[in-house]
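What follows draws every value from the coordinates through simple rules; no lab data is involved. The structure displayed is predicted, hence computed values, not measured ones. Ideal geometry is used to build each Cβ from the backbone, glycine not excepted, and the neighbour counts take in all protein chains shown.
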C-alpha cells in the first residue's frame with residue numbers, strides 16, 4: 001500500500017505542474033492586454049489634452065478643416081465642409097475668417113493640397129501664436145491636426161510661417 005501511495009503522490013505532483021504552466025500563460029496574456037489598454041488609454045487621453053492647457057478637458061471639440069492651396073492670386077487656406085463638398089475662400093483671394101465661442105475645444109485639421117512642382121516642395125503649416133498652435137510643415141497631401149482651448153476672447157491671426165501672405169483670422173466670441 002505504501003508503494004501505491006507514492007505513485008499517487010507522484011501523479012498528483014505531475015497534475016499540479018500542468019496548471020502552473022496554464023497559470024503562467026494566463027499571466028502573460030493578462031500582462032499583454034494590460035499594456036495594450038494602458039497604451040490605448042494614453043493616446044486617447046492625449047486627444048483630450050489641448051496644446052495650451054496642462055489639464056485634460058473632456059468635452060466635444062469644434063472641428064475645423066482647412067486646406068492649403070495655391071491660387072493665381074497666391075497662397076491661401078480654404079475652409080473645407082465636413083460633408084465633403086468643395087470649400088471656397090470667404091472673400092476671393094483671402095483665407096476664411098473663423099468664429100468660435102470662448103471655452104470651446106477647437107481642433108484644426110490642416111491638409112496641404114498644393115501639388116509639388118519642380119524646385120518647389122510646396123510645404124505649408126498653420127500657426128496661432130496666442131494659443132500655442134503650431135502644426136508641422138506638411139508636404140503635398142500630408143495632414144496634421146492640433147487641439148487647443150479657446151480661452152481668450154478677441155480676433156487672432158492664423159498664418160503659414162513659410163508663406164507670410166497666407167493668413168486669416170480666428171475670432172473667439174464670449175457666447
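Computed quantities for the displayed model
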quantity	calculated
Efficiency of FRET between residue 27 and residue 58 - r from beta-carbon atoms, R0 30 angstrom, step 0.05	0.35
Protection proxy ranking, peptides 25-38, 161-174, average beta carbon neighbours within 10 Å, highest first	161-174, 25-38
Region 107-142 residues near the modelled residue 151 label - backbone nitrogen below 20 Å, point 7 Å along Cα→Cβ	107-108, 127-135
Sequence ranges 141-153, 49-61, ranked by mean other-Cβ count within 10 angstrom, highest first	141-153, 49-61
